[in-house]
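One structure below.
Throughout, read-outs are computed from the coordinates displayed, never taken from laboratory work. Just so it is clear, the model here is predicted, and its values are computed rather than measured. Quick reminder, even Gly has a Cβ in these numbers, built from the backbone with ideal geometry, and neighbours come from all protein chains shown.
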Amino acid sequence: MGQTGSTLAILGGPRTLPADADHKDLFRWPIVTAEDEQAVLEVLRSGAMSGTGVTRQFEEEFAAWMGVRHALGCCNGTAAILGATWACGVGAGDEIIAPSLTYWASATQALQLGASVNFADVDPDTLCIDPRDIEHRIGPRTRLIVVVHYAAHPCDMDPIMAIARRHGVKVLEDASHAVGTLYKGRKAGTIGDIAAMSMMTGKGFAIGEAGMTVTNDRGLYERCIAYGHYERTGVSSNFNPVDAQVHDASLTRFAGVPLGGAKHRMNQTCAAMGRVQLRHYDRRMAEIQSAMNRFWDLLEGVPGLRAHRPAAGSQSTMGSWYFPRGLYRAEELDGLPCGRFCEAVRAEGVGHCGPGANRPLHLHPVFHEADIFAMGRPTMVSFGQRDVRQGPGSLPVTENTGNTVLSVPWFKHDDPDIIARYADAYRKVALQADRLLRASRPE
């Protein structure tokens, strides 16, 4: 174990993790083997990077793994969310509801469709959209609720689905952080009407610059194809007949040209790597869960720190635990600011500790001022919709995450000794918060 009783490194004491410690292998991701390389090389050598054969194999395998009827490979997660948003009927003058605490690609596509975003606050423990802050936001032009399984934590889907069904509103799950996450035993992305996810390098399921849409609804699936996958509509770009995956008569008349004027096709090098990664993902994900749970178990009961994970026995999991966060409670540490806590943890040799998470989207000028269509007024109010823009103080939990959330190491392998050292660094600082505060105060 580390030197939790010794002077903090930031105050001149010994580091918990030695300066020469090299734990890169513990964090290396994705795991790329000769099997991945061979699969990608086969695509490159065949010259089929822009084809769909390998991608369709990957889609079929991924759909089976998810337990859904349809999966559609996209060039990235942003495209997958855009196609799914349009498929759900969102158009000019409509509204969607989405959490403000998320990456911009969860909701900004609504502006591209002429819709506005009514941002909701998040739950302080899950960091996912708060079901209690949704229903009062639904108006006559609300078409869609976007939920984000944020930092791999599953949203509380049951009350959200009940709200959506009462109001005839569709639900889109952004599972970009949460491929493999379980909510009460069900995979995130299989509960709403449709789901989309990013598979870019750095994500939990990482295969390059790629995305995936999944759904059990054939109509939504066909609309996603019609929006950005012209080669699957039944007519190729040179208007020759091809394999048709769109049968809806309202869509087939537009075959050959994507209704979104976009090309969402996945590069088959990514699809080839995806097929390989999927074969090993459950095992690798299980090791990540073991490692991350070990880290948080070691910190159980430490003042000021709470694990960002579902309760034990809930049948909910954190998947591959992408973008891991911890919950910080300054009031238990005599008001020690989160930023100062993180600074002290980094001084102990941890290079993965910082305050906050994503910056609140509801305060960004894009959602207040941007005139995307050059109409002389902000796009958020350009098509007759009500003004749902929100300023500072409107979403207090989201706006305070810089003080209540911090990052923790994302362990990809379960090494008990090394993980214990990292946990010791956080514990050491928490248990000496009073000393750190005294040292920070002017005489």
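Some observations on this one:
- Inter-label distance, L44 to V381: 5.3 nm, where each label sits 7 Å from its Cα along the C-beta direction.
- By other beta-carbon atoms within 10 Å, ranking I160, I138, I372, I225 with the fewest at the front produces I372, I138, I160, I225.
- Sorted by Cβ density within 10 Å, fewest first, the residues W29, W321: W29, W321
- 5 angstrom amide H check on I194, placed H, neighbours 5+ away: V171, E173
- The C-alpha atoms of the chain define a longest principal axis, and helix 218-228 lies at about 90 degrees to it.
- For the chain, averaging the sequence separation of C-alpha pairs within contact (under 8 Å, six or more residues apart) and dividing by the residue count gives a relative contact order of 22 percent.
- Residues of the stretch 90-125 with amide N under 15 Å of a point placed 7 Å along Cα→Cβ from F373: 90-96, 109-117
- Local net charge near P258, Cβ-Cβ under 14 Å (Lys/Arg +1, Asp/Glu -1): +3
- Computed from the C-beta positions of R28 and R218, the FRET efficiency with R₀ = 51 Å rounds to 0.80.
- If you plug the beta carbon distance of H136 and H352 into 1/(1 + (r/R0)^6) with R0 = 35 Å, you get a FRET efficiency near 0.40.
- Acute angle (nearest 10 degrees) that the helix 338-347 long axis makes with the longest principal axis of the chain, alpha-carbon atoms: 70
- Gap separating the Cα centres of the stretch 168-230 and the stretch 99-138, nearest whole Å: 17
- Among M273, M285, a tally of other beta-carbon atoms within 10 Å of each Cβ gives an order, fewest to most, of M285, M273.
- The alpha carbon centroids of the stretch 402-425 and the stretch 4-27 are separated by 12 Å.
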